[in-house]
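Below is one structure, written out as structure tokens; comments come after it.
The values are calculated or read from the model by the stated rules, or taken from the named source; none is laboratory data. From a predicted model like this one, the values you see are computed outputs, not experimental measurements. Reconstructed Cβ throughout: ideal geometry from the backbone, glycine too, with neighbour counts over all protein chains shown. The area values use the complete protein model at the heavy-atom level, side chains included, leaving out ligands, DNA and RNA. Shrake-Rupley method; radii C 1.70, N 1.55, O 1.52, S 1.80 Å.
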Amino acid sequence: MKLRISGVVIVAVFAMLVFAVVPAHATAELKLDDGNGNTADITDGLAGDLCGVANCVTYSGTLGGWNINVTTGSDKSSSAPNLMHLNSINHTTGIAAGSNTLTIMFSDDGFSPATTGFELTFGPVISGANATATYAAYEDDTTKFALTNQIGSTLTFHTSGTGQMNGLVNAPNNYALTQVVTLSFNGGVGNVSFDATIDPVPEPASIVFLGTVLLGVTSLIRKKRAA
């Protein structure tokens, strides 16, 4: 009996391989802290979340002396192909005295499959004297905001720019990710916006496996045509 392989089967095989590396959904959460006792904690789909879709959390308003125009964290299907995406437009001109550092943290758990490689990108746009913007990302085996395993090192900017790095962390199935951004004008005033992402870095073994499957399918097609 001849083996028949249609284009539909090929697409189905490829789709299964792709969706095998798409993370499952959990509950995203956004936390902000001005360091002076003023905080905001917004969970996906609950009170204070201005984003109308799943896997996305948006905050807009004031926090202490900080005027936060828009801060949005998205993950999984909402940020694909990124694992996580955090962006913010913070208008801080004229901040109240004593409002020194704003910390923005975005976290979620339930990421799978297990991985050892991540790619981090951070790009702030800064205006104002004595400004500092830092970015760090963490992998936690199960708990959001635990900040136990830093991915790579901390990226620090005093002027506008973009930075990128790869980090190796042994993350098991259903791991958590947290992004942490700190903004400071060291007593001055100014404006800042930023864009930060975490991307998966494919493992060499996964690439080899995918290539082997595709080569196998191609070989079967050729045999079918030659029969």
Task: 5 angstrom amide H check on Asn174, placed H, neighbours 5+ away - done: Phe111, Ser112
TODO: May I ask you to compute the full-extension gain from Asn100 to Asn174, defined as 0.36 nm times their residue separation minus their alpha-carbon distance, rounded to one decimal in nm?
DONE: 23.1 nm
Task: Label-point separation in nm, Val201 to Thr162, each point 7 Å along Cα→Cβ - done: 1.9 nm
Task: Share of carbon and sulfur in the accessible heavy-atom surface of segment 34-86 [1.4 Å probe, %] - done: 52 percent
- [ ] Give the calculated FRET efficiency between Thr143 and Asn186 to the nearest 0.05, with a Förster radius of 25 Å applied to their Cβ-Cβ distance.
- [x] 0.20
Open item on the list: At 7 Å along Cα-to-Cβ for each site, give me the label-to-label distance between Thr116 and Asn38 in nm.
Closed with: 4.6 nm
TODO: Determine the order of Glu139, Glu29 by accessible area, beginning with the largest, at a probe radius of 1.4 Å.
DONE: Glu29, Glu139
Task: Net charge dipole size for segment 34-180 [Lys, Arg +1 and Asp, Glu -1 on Cβ; Debye, nearest 20] - done: 320 debye
